[in-house]
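The values are calculated or read from the model by the stated rules, or taken from the named source; none is laboratory data. Predicted model only: the values in this text are computed from it and were never measured. Glycine gets a Cβ as well: all are built from the backbone with ideal geometry, and neighbour counts include every protein chain shown. Keep in mind that these areas ignore ligands, DNA and RNA; they rest on the heavy atoms of the full protein, side chains included. Shrake-Rupley method; radii C 1.70, N 1.55, O 1.52, S 1.80 Å.
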Amino acid sequence: MLPEVPLHKTESTISIKKVRHLIFLKDVFLLSLSAFGGPQAHLALFFNILVKKRGYITEAELIELNSFCQILPGPASTQTLTAVGFKIGGPRLAFLTLLCWILPTVSIMTIAAIAISYLQHESIPLYFTRYIQPMAVGFVASAAYKISSGTVKTKTSIVLFIISAVICYFIQTPAIFPICLILGGFTTSFRFKKQPIEESASLKKIEWSNFFLFTGIFIGAALLGKMTNALPIRLFENFFRNGSLIFGGGQALSAMLYKEFVVFDQKQYLTHEEFLSGFALLQILPGPLFAFSSFVGALSMREFGLWGEILGGVVAAAGIFLPGTIMIFFIIRFWDRLKKYRAVRASLEGINAVSAGIVTATAIILFQPLQGNIVSYFIMGGTFCLLQFTKVPPPIIIICGLLSGFIF
């Protein structure tokens, strides 16, 4: 007969793990309420809380996971945090980590969209947002500068940056983004000889279930949306597609969403002013920038009333965050082997250069409606300078813009 002590130890170990997981989720939720400043600031907070204070993982492991997430489409900081959850407790904890991280910002952005829809329904003008709209253009311009200066350094990347910016400016259709990204990555993958040689590893033993799940959702949502023409399904497909193909963070996502939901003739669910107002409001919130999708999704469903707007926010958030999460579940299992291939690492140069080109083209497109408005020029330029040359927190800049809209 087996002794009872080992069984007791096993139960105790399981209980300790559950408590540790709950503490981890609490830490993630607190991070979601305090993580201002975008992916770079998020990573610093992850280090302070998850590594230094709690010791969930080591500094080297956090850096490794963040590097891994940089090669995936989707929100890098969200994926890094999700990957930490996966490393600690597997897929279930990773999924709960994602929910705790995105819930506050997604909820607030959905409520903001409902509030704007209500004001418009009551014929209350959004005049108080007139200053934060050019501020939003300043934010996009600043992001374009930072992304391009950090990633566009070689002759090849400069050429790809310019070509992609020109193409995305003149061909304003959603399909152009994945084409440019794929071609950019393919172009620089041939420059793999400049990458350091590492011992090759076999990719034969791969668990494909999550890849098939990803592919099934990608194709199934498109087919179901085409057959039913139901707006919630089409919205989910739109956001899932964008979440599957986006590199470059929230600013690059805003470029895609602007062209698909504001510029594209077959949709135009949001006006230029609504889009910029929502993007500016996002800057005063902690958490992932990809939560902006819930704002766009909610306003896209405004014709269906309050519950339609809530559904739109939920569908958009699910669509934008699921692809990156599923890809983490798929790739993290063989990441140590995949990263040894030089062509994979070399392709990032082209992908990042094209992402910078996309954001730059969007900054120019957003700037055009401001033509002839000297005040807007001044506000946009001032915002850009504050972001580039001072340490004034972005939330303070936007709050000052909102207060100015009410006062003046």
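Within segment 113-140, the residues that satisfy the criterion of being out of contact with any helix residue (DSSP H, G or I) (no Cβ under 8 Å at 6 or more places or on another chain) and polar (S, T, N, Q) are Gln120, Ser123. Being open to solvent by 40 Å² or more (accessible area, probe 1.4 Å) and farther than 28 Å from Phe279 by Cα: is that true of Phe186 here? Yes; evaluated as a whole, the condition is true for this residue. With a requirement of 1 or more residues that are farther than 20 Å from Thr105 by Cα and modelled with pLDDT of 90 or more, the helices (runs of 4 or more DSSP H) lying completely within segment 185-283 that satisfy it span 209-228, 231-245.
This table checks each residue for (1) of a type outside the set (Phe, Trp, Tyr); (2) closer than 19 Å to Cys69 by Cβ; (3) open to solvent by 20 Å² or more (accessible area, probe 1.4 Å); (4) part of a helix (DSSP H, G or I).
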| residue | (1), (2), (3), (4) |
| --- | --- |
| Leu285 | yes, no, yes, no |
| Glu303 | yes, no, yes, yes |
| Leu311 | yes, no, yes, yes |
| Val314 | yes, no, yes, yes |
| Ala346 | yes, yes, no, yes |
| Thr362 | yes, no, no, yes |
| Pro369 | yes, no, yes, yes |
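Confirm whether Val84 is at pLDDT 85 or above, crowded, with 22+ Cβ neighbours inside 10 Å and over 17 Å from the mean Cα position of the chain (by Cα). Taking the combined requirement at face value, the residue satisfies it.
Within segment 156-174, the residues that satisfy the criterion of being hydrophobic (A, V, I, L, M, F, W, C) and either open to solvent by less than 60 Å² (accessible area, probe 1.4 Å) or touching a residue at least 40 places away in the same chain (Cβ under 8 Å) (or both) are Ile158, Leu160, Phe161, Ile162, Ile163, Ala165, Val166, Ile167, Cys168. In segment 125-139 there is no residue matching the filter, namely being open to solvent by 20 Å² or more (accessible area, probe 1.4 Å), over 21 Å from Gln283 (Cβ atoms) and among the charged types (D, E, K, R). Summed over segment 122-171, residues that are under 21 Å from the mean Cα position of the chain (by Cα), hydrophobic (A, V, I, L, M, F, W, C), at pLDDT below 80 and more than 19 Å from Gly382 (Cα to Cα) total 1.
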